[in-house]
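Novice: Here it is, the structure, as structure tokens.
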Amino acid sequence: MNDEELLARIIIDPKVMVGKPVIRGTRLTVDYILNLLAHGATTAEITREYSDLTDEDIKACFLFATKALEDATFIPLVVEHA
């Protein structure tokens, strides 16, 4: 599946979840799915819990986040002192 096909799975509609990016046909936001993964949930667990989701939907979340951050300047949240 190419980038365009994956990204077509993510929509932004002001009438759905106040315009946050969501997986098409759901009210599951990209940030919600990524947060689940960041806290240790597996793709299999997520797709088992949300039976309408596919592995490609989760890949689309990763790709969407990657594209959204491509031109962003990274500012660390924590500054370490040497």
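Novice: Got a sec? Which helices (runs of 4 or more DSSP H) wholly within the chain have at least 1 residues that are aromatic (Phe, Trp, Tyr) and within 10 Å of the chain's Cα centre (by Cα)? Quick ask: steps written out before the conclusion?
Specialist: On the way: elements: 3-7, 30-38, 43-49, 55-69.
Filter on the chain gives 30-38, 55-69.
Novice: Between a residue in segment 1-29 that is among the polar types (S, T, N, Q) and modelled with pLDDT of 95 or more and any residue that is surrounded by 10 or more Cβ atoms within 10 Å (Cβ to Cβ) and assigned to a loop (DSSP other than H, G, I, E, B), which pairs come within a Cβ distance under 7 Å, given they are 6 or more apart or on different chains?
Specialist: Listed by first residue and then by second, the contacts come to Thr26/Asp52; Thr29/Lys20; Thr29/Pro21.
Novice: Would you point out the residue of segment 19-46, among those that are surrounded by 16 or more Cβ atoms within 10 Å (Cβ to Cβ) and touching a Ser or Thr at 6+ places or on another chain (Cβ under 7 Å), that is farthest from Thr66 (Cα to Cα)?
Specialist: Val22
Novice: I'm checking my understanding of the structure. Among residues of segment 47-60 that are out of contact with any strand residue (DSSP E or B) (no Cβ under 7 Å at 6 or more places or on another chain) and closer than 15 Å to Ala8 by Cα, which one is surrounded by the fewest Cβ atoms within 10 Å (Cβ to Cβ)? Write out each step before concluding.
Specialist: Looking only at segment 47-60, we keep the residues that are out of contact with any strand residue (DSSP E or B) (no Cβ under 7 Å at 6 or more places or on another chain), and these are 47-52, 54-56, 58-59.
So of that shortlist, the ones also closer than 15 Å to Ala8 by Cα come out as 54-56, 58-59.
Working: Thr54: 14, Asp55: 12, Glu56: 14, Ile58: 23, Lys59: 14.
Per the stated criteria, the residue is Asp55.
Novice: Quick one: Ala68 ticks every box in (1) modelled with pLDDT of 95 or more; (2) surrounded by 10 or more Cβ atoms within 10 Å (Cβ to Cβ) bar one, so which box is it?
Specialist: Of the numbered conditions (1) modelled with pLDDT of 95 or more; (2) surrounded by 10 or more Cβ atoms within 10 Å (Cβ to Cβ), the odd one out for Ala68 is (1).
The values are calculated or read from the model by the stated rules, or taken from the named source; none is laboratory data. Computed from a prediction, not measured in an experiment: that's the story for all the values here. Virtual Cβ from ideal backbone geometry, glycine too; neighbours counted across all protein chains shown.
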